[in-house]
Amino acid sequence: MSNENKFPNLFKPIRLRGVFFRNRIFAAPTGFMDQDGFGTLPPEAAFYYERKAKGGAASVAVGECNVDSDFGTGAPRAARLDNPLIRNSLCRISDAVRRQGAVCAAELQHAGNCANRSLIPPGMAYGPVDGEVDGRPFYEMPEDMIWRIVDKFAQGAAFAKSCGFGMVLLHGGHGWLVSQFLSPTLNTRKDKWGGPDIENRARLAVEILKGIRKAVGPAFPIEMRISGSECYDGGYGIEEGVAFAKQVEDYVDLLHVSAGSHEVDEVFTVTHPSIFLPDGCNVQFAEEIKKHVKCPVATVGALVDPELMEDIIASGKADVVEIARGLIADPDLPRKARTGRESDINKCLRCLNCFSNLLNNGQFHCAINPETGREAEMNFAIPPSVKKKILIAGGGIAGMQAALTCAQRGHEVILCEKANILGGALRCEENVPFKKYVAAYLERQASNAAKAGVEIRLNTEVTPEYVEKEGVDVLIAALGARPLVPAIPGIHGANVLGAEEAYRNPSSAGQSIVVLGAGLVGVELAIYLAAMGRSVSLVEMLGEINHGGNFLHVRALEVEIAKYGIKTFYNTKALEITNSGVKCAAPDGELLLDADTVVYATGQQALWDDAERLCACGCDFYMIGDCVSPNNIMNATSMAFSVARNI
């Protein structure tokens, strides 16, 4: 630990409307989708938000707080601020955050024309004008409805304050109600609430802010999130973002500048930056708006590097940095940066597993932080009662996590890897530019295991005889999987590569390439090769990208597929590989795709036979990770972590 504060600007407190924030790192709003049908948040939500406050964030925002249960619900399971019966659950959250020294904020939200679409059957919705979204009509909001909504926001803010929240955050971006009114494309009204005049289109936001101020009083901070630019053709640009910011600057204490719209697929991964975008990709919008307004400005998006965040504050590009997924991957990011441990920060991979899992299953789970979504369990973790000698066979993702967790719990741990380096199959991707944080994660896990006292033995294959010689109490098989070689005539030809070899040695592939398999491995490989100037085609037997549950990441992939002109052939089966390419059965008949090189990325085969040989050993035995069932990083880390805690 260093006594020097390397980031003095980042950790300089800030005061908003007289409220003290201990640093400039705010936890951006993230929703918690495990509510009941009335919007009541479970006890686990308090542990989830409290963990970010424990980690050092100055403010922690509770996302998706709906102010209008009848006409504003973006998600059917969201906190409903107009239901007084949820008070206790909100008080539990605000107390948990506040007692850790952070300010708890409530994100006030209304979905406008996108409201109630996920209900069965879809419910009524209103927007600036009549229209249709996802095949469901919505209607122009009459003026009495507008004033009703203004009151709903004010009442929601007052309710949040009464529940112990120290700030409210008005969501005015990303395609929700306020940004719908702001949009010159969506808001073509002819009255004082719309049309070409920015003052009219901003009027709803201004009236909402006035109503909130009246409801919460003069000493309570109001933050507002906006999209500095919508970043798509037909959306507004930064000039309009600046003009809007100037309309609301007198009514807010912090202007939170984001970008894009989650209602437009092509820029969803601008709003939620993908692995293909640079760190801090949306800072430019906050920087430009800050030049034109008097109020403090926050920036958000792809922020995990303390040096970058320090520069943002020191150079005046923004006054506050907001982090969402970065604090899911490592809620201790602020404390690690503050105490000179920035190299220990578990930097978000931006894989979108957390968000996809939230929408699929109602829980945040992180690919590289197995504690996320399990904060309540972690809060009551106990040390092992008996120290054991544990041997782990396999130093990939699962093996390293199991070794680290076992060592942290006080066991004697030996980690054996038959290769000359830890990291497993993912090592083949370490030179891929958009996978830089995956490579960093592998290095960090290996380093952390060594620091924790794990004895690491490379170039060592574990056999039953080896286990017997070591005399261990517990054996964990983390042997992984190997690429599945499809049974296609010509698959062993000189012009055929496996995905791992193509990743490791892209120069071995020709100028024109066909990738068999449009799972995440195959699609990302196609993008990697196309970015090098290769002509790439994807062949997939299914009718879409095989995302394995991470459907939001597909939006980023589709942007890159279009960007590089990658040809996609869905519902298409490879019949034969020839010297000149691939013969396929396509929906319209037989298809011949010319290619210098064919790469197969058709899945993985678990090493069950190798695991079965170890299963006969006389000690306690566990299997984890891909040798159980090939899956993703999140599955490997969570399984390894859970099994290790049980020992």
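The values are calculated or read from the model by the stated rules, or taken from the named source; none is laboratory data. Here the structure is a predicted model, which means the values were calculated and not measured. Methodologically, a virtual Cβ is constructed for each residue, glycine included, from the backbone with ideal geometry; neighbour enumeration extends over all protein chains shown. These area figures cover heavy atoms from the full protein model, side chains too; ligands, DNA and RNA do not enter into them. Shrake-Rupley method; radii C 1.70, N 1.55, O 1.52, S 1.80 Å.
Tabulated values for the structure
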{"item": "For the range 120-186, alpha-carbon Rg and Dmax in angstrom", "result": "14.2, 40"}
{"item": "Too-long pairs where the Cα-Cα distance tops 27 Å, listed order kept, from LYS192/LYS214; LYS190/LYS210; LYS214/LYS317", "result": "LYS214/LYS317"}
{"item": "Computed magnitude of the charge dipole of the range 410-497 (debye, nearest 20; Cβ of K, R +1, Cβ of D, E -1)", "result": "480 debye"}
{"item": "Principal-axis tilt of helix 551-564 within the chain, Cα atoms, nearest 10 degrees", "result": "80 degrees"}
{"item": "Value of relative contact order over the chain, rounded to a whole percent, pairs C-alpha under 8 Å and six or more apart", "result": "11 percent"}
{"item": "Helix 397-408 vs. the chain, principal-axis angle (Cα, 0 to 90°, nearest 10)", "result": "80 degrees"}
{"item": "Heavy atoms of SER537 accessible to a 1.4 Å probe, total area in Å² rounded to 10", "result": "20 Å²"}
{"item": "The range 463-515: proportion of alpha-carbon pairs further apart than 15 angstrom, %", "result": "64 percent"}
{"item": "Ranked order, ASP596, ASP305, ASP588, ASP330 - accessible area, probe 1.4 Å, largest first", "result": "ASP588, ASP596, ASP305, ASP330"}
{"item": "Cα-based Rg / Dmax (Å) for the range 342-408", "result": "14.5, 40"}
{"item": "Cα gyration tensor shape for the range 359-458, rounded if a/c is under 1.5, else prolate or oblate", "result": "oblate"}
{"item": "Charge sum, other residues only, whose C-beta stays under 13 Å from ILE647's C-beta, Lys/Arg counted +1 and Asp/Glu -1", "result": "+2"}
{"item": "Solvent-accessible surface ranking, highest first, for TYR503, TYR622, TYR600 at 1.4 angstrom", "result": "TYR622, TYR600, TYR503"}
{"item": "Equivalent ellipsoid semi-axes - Cα gyration tensor, the range 191-305, angstrom", "result": "25, 18, 12"}
{"item": "Positive minus negative residues near SER94 (Lys, Arg vs Asp, Glu; Cβ under 12 Å)", "result": "+3"}
{"item": "Shape call, the range 32-75: gyration tensor on alpha carbons, a/c limit 1.5", "result": "oblate"}
{"item": "Rounded percent of accessible protein surface that carbon and sulfur make up, the chain, 1.4 Å probe", "result": "50 percent"}
{"item": "Given charges at beta-carbon only (K, R positive; D, E negative), |dipole| of the chain in Debye", "result": "2080 debye"}
{"item": "Degrees separating the helix 633-646 axis from the principal Cα axis of the chain, which is the longest one", "result": "80 degrees"}
{"item": "Top positive-direction residue, dipole computed over the range 157-222 with Cβ charges, set GLY175, VAL216, LEU186", "result": "VAL216"}
{"item": "Options PRO506, GLY549, MET532, ranked by Cα towards positive dipole end of the range 470-563, top entry (Cβ charges)", "result": "MET532"}
{"item": "Charge dipole (the chain, unit charges on Cβ, about Cα centre) - positive-most of VAL628, CYS231, ILE382", "result": "ILE382"}
{"item": "In Å², nearest 10: area of VAL521 left accessible to a 1.4 Å probe", "result": "70 Å²"}
{"item": "Accessible area, probe 1.4 Å, largest first, for residues TRP608, TRP147, TRP193", "result": "TRP608, TRP147, TRP193"}
{"item": "Of all DSSP beta bridges in the chain, antiparallel share, percent nearest 5", "result": "20 percent"}
{"item": "Convex hull per residue volume in Å³, alpha carbons only, for the range 474-548", "result": "138 Å³"}
{"item": "With all protein chains modelled, accessible area of PHE11 [1.4 Å, Å²]", "result": "20 Å²"}
{"item": "Net charge dipole size for the range 420-565 [Lys, Arg +1 and Asp, Glu -1 on Cβ; Debye, nearest 20]", "result": "480 debye"}
{"item": "Ellipsoid equivalent to the range 70-200 - semi-axes via the Cα gyration tensor, in Å", "result": "29, 17, 12"}
{"item": "For the range 429-475, the spread of Cα positions along each principal axis, largest first, Å", "result": "43, 22, 16"}
